[in-house]
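The values are calculated or read from the model by the stated rules, or taken from the named source; none is laboratory data. Note that the structure is predicted; figures quoted are calculated from it, not measured. Ideal geometry is used to build each Cβ from the backbone, glycine not excepted, and the neighbour counts take in all protein chains shown.
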Amino acid sequence: MEPTLSEFTILFSIATGGMLLLAFAIVFFVIFYQKKMLQARLHQQQMETEFQQKMLLASLESQESERQRLAGELHDSIGAMLSTIRLSVLSLSRNEGLNKESVEQTKKMIDDTIDSVRRISRDLMPSILEKFGLMHAITEMCQQYTTVSGIPIPFTKNGEGKSLDKAKEIMLFRLVQELINNAMKHSQGTVINVSATWGNQLIIIVEDDGIGFNADEKNTSLSGLGLFNMQNRARIIGAEFSYAPEWQKGTRAIITLPL
Amino acid sequence: MTFQTATSHIQFAGSILLAFLCFRNYTRISLPIKVLGYYSLSSIVFQSAQIIVIAINKKQYLNQIGDGFVLAETVMLSMVFLFAFNQRIATRTIIFLIVAYTLFYAGQLMFNENGYSVVRSGRDILMIALAIGYFYYLIKKQPEKDLLKFSMFWVSAGVIFYFSGTFILSLFLSYLTKASAPKFVAALWGIRNLFRLAFCLVLSHAVLLDIKKGAYGTNTF
């Protein structure tokens, strides 16, 4: 039996509607599926980044603990042994048969060695950082570097300091240490200013009045691996590290840590 | 002016808009979109020919013009996908499909009195299959960017919607012309014209996206 016009119209409408629905379903599926794939890829990238950061953190922590162990060994073992040797030399010097000048020279060498061991031990792990915190450790480091290099390194502290966890303090200390070292080695500046400003975030600035450098040039020692390492260190503790591009004279490095 | 004539003029305007966008920005669009420009141009040529024939032939359509456009449309839209895929296997497959369809088309129109309906249905199926194939290609390639910003995504979406919408009409075309009242067929044809207008607008959106991204910027991964 042939369908009537109205029956045919209904059937035709249903069939066309069905086809359009099917088309809509296909397009919707493609959009939805691609978005889901993008999210999955993004999630995987985040996981990889987190894993890399954890690996880096573990590596840095192990480095720090090794430094701490070495510093302890140097200070407690070699330092103590050198002190004992010094005392023995002192008691020997009372012996009349010995050449006094030679003994004095040996004493001086032992004193120099003791100083060196103390300095190395302190550089490896400043006990002041553990005992009195980051601000005191930076202050002491600036004073020591001023003495060693002859370049004035004033440290200015603004705002009320807060206590940070040990890992963050060590990372920040190492960053400042590396920045000061870089400035002393490469900047040819006459002064290195270090400042720490406390507020909603801790902003540490290390600046010099030297020759400066172009952070975009990948082949310089400062902007290459060193910069990458410093950025990584900062990222691990949730801080940002950058060089101020608008800084006209010398170099200005900024570390920003949200508190 | 009847509903069919009015919608016919509107969809004709859609073709003109598409052609204008393509040839106005010809140097800035990618190869598949350039082919889309030629498709719209062929549409204008065939529709102009039909208008002239109607004017001369006292309001009588010439079916051969419509049939001719079916082949031109199938070949050109297949070429759009051929250049969009830009892969050897896809190129060979699409060329094979074009040749097979052309032979099928010629056979149907020569030996089957209902061939005009069959060739249109065949065209619709082929276009839907190519659009689905391109969607599969998009998913497989997993472009990083948002799919909605890809010109070829919109072309495929337009193709799949338009030819899905017209498929049932194509399938029953011969039955309708024989068994239904001319007014009913004209009304359905008017609706089909509105589908085509929507198709032209979606394609125009794809052209605009392609212009923004520059030639080959979005269609090749």
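So, B:PHE81, is that one farther than 20 Å from B:TYR39 by Cα, aromatic (Phe, Trp, Tyr) and either within 13 Å of the chain's Cα centre (by Cα) or surrounded by 14 or more Cβ atoms within 10 Å (Cβ to Cβ) (or both) or not?
For B:PHE81, the condition - farther than 20 Å from B:TYR39 by Cα, aromatic (Phe, Trp, Tyr) and either within 13 Å of the chain's Cα centre (by Cα) or surrounded by 14 or more Cβ atoms within 10 Å (Cβ to Cβ) (or both) - is not met.
Filter segment A:101-117 for residues that are over 27 Å from A:HIS186 (Cβ atoms) and either surrounded by fewer than 15 Cβ atoms within 10 Å (Cβ to Cβ) or not β-branched (Val, Ile, Thr) (or both) and give the result.
Passing the criteria: A:GLU101, A:SER102, A:GLU104, A:GLN105, A:LYS107, A:LYS108, A:MET109, A:ASP111, A:ASP112.
A:VAL148 - would you say it is free of Cβ contacts under 8 Å to residues at least 24 places away in the same chain, out of contact with any His (no Cβ under 6 Å at 6 or more places or on another chain), under 23 Å from A:ASN182 (Cβ atoms) and not small (Gly, Ala, Ser)?
Yes: the conditions hold for A:VAL148.
Being free of Cβ contacts under 8 Å to residues at least 24 places away in the same chain and either surrounded by fewer than 20 Cβ atoms within 10 Å (Cβ to Cβ) or away from chain A (no Cβ under 14 Å) (or both) is the requirement here; does B:THR102 meet it?
no
Could you tell me which residue of segment A:176-195 is farthest from A:ALA234 (Cα to Cα), considering only residues that are aliphatic (A, V, I, L, M) and at pLDDT below 90?
The extreme case among them is A:MET184.
Within segment A:23-51, which residues are more than 8 Å from every other protein chain (Cβ to nearest Cβ) and small (Gly, Ala, Ser)?
The answer is A:ALA25, A:ALA40.
This table checks each residue for (1) in a loop (DSSP other than H, G, I, E, B); (2) without any contact (Cβ under 8 Å) to a residue 40 or more places away in the chain; (3) loosely packed, with under 12 Cβ neighbours inside 10 Å.
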position: A:LEU11; (1), (2), (3): no, yes, no
position: A:LYS35; (1), (2), (3): no, yes, no
position: A:GLU48; (1), (2), (3): no, yes, yes
position: A:GLN53; (1), (2), (3): no, no, no
position: A:ARG69; (1), (2), (3): no, yes, no
position: A:GLU73; (1), (2), (3): no, yes, no
position: A:ILE85; (1), (2), (3): no, yes, no
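So which residues in segment A:155-165 are within 19 Å of the chain's Cα centre (by Cα) and either within 19 Å of A:GLN231 (Cα to Cα) or polar (S, T, N, Q) (or both), if there are any at all?
A:SER163
For segment A:168-200, which positions are outside any helix (DSSP H, G or I) and within 13 Å of A:THR256 (Cα to Cα)?
Within segment A:168-200, A:SER195, A:ALA196, A:THR197, A:TRP198, A:GLY199, A:ASN200 meet the criteria.
Within segment B:19-27, does at least one residue satisfy the condition of being of a type in the set (Gly, Ala, Ser) and in a loop (DSSP other than H, G, I, E, B)?
Looking through segment B:19-27, none of the residues is of a type in the set (Gly, Ala, Ser) and in a loop (DSSP other than H, G, I, E, B).
Could you list, in sequence order, all residues of segment A:1-22 that are charged (D, E, K, R) and within 10 Å of another protein chain (Cβ to nearest Cβ)?
A:GLU2
When you scan segment B:190-205, do you find a residue that is within 25 Å of A:ALA25 (Cβ to Cβ), among the polar types (S, T, N, Q) and at the interface with chain A (Cβ under 9 Å from one of its Cβ atoms), even just one?
no
Quick one: in segment B:139-161, which of the residues that are within 23 Å of B:ALA198 (Cα to Cα) and within 9 Å of another protein chain (Cβ to nearest Cβ) is modelled with the lowest pLDDT?
This residue is B:ASP146.
Is it the case that some residue within segment B:49-59 is within 30 Å of B:GLU113 (Cα to Cα) and touching a residue at least 40 places away in the same chain (Cβ under 8 Å)?
Scanning segment B:49-59, I find no residue that is within 30 Å of B:GLU113 (Cα to Cα) and touching a residue at least 40 places away in the same chain (Cβ under 8 Å), so the answer is no.
Here are the criteria: (1) touching a residue at least 12 places away in the same chain (Cβ under 8 Å); (2) within 10 Å of chain A (Cβ to nearest Cβ). Tell me which single one B:VAL119 does not satisfy.
Every condition holds for B:VAL119 apart from (2).
Each row is one residue, and each column tells you yes or no for (1) more than 9 Å from every other protein chain (Cβ to nearest Cβ); (2) closer than 30 Å to B:ILE29 by Cβ; (3) among the small types (Gly, Ala, Ser).
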site: B:GLU113; (1), (2), (3): yes, no, no
site: B:MET127; (1), (2), (3): yes, yes, no
site: B:ILE168; (1), (2), (3): no, no, no
site: B:PHE172; (1), (2), (3): no, no, no
site: B:LYS183; (1), (2), (3): yes, no, no
site: B:LEU188; (1), (2), (3): no, no, no
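Only residues in segment B:70-92 that are free of Cβ contacts under 8 Å to residues at least 12 places away in the same chain count as the first member; pair them with residues that are not in a helix (DSSP H, G or I), Cβ under 9 angstrom, at least 6 apart or cross-chain, and list the lot.
none
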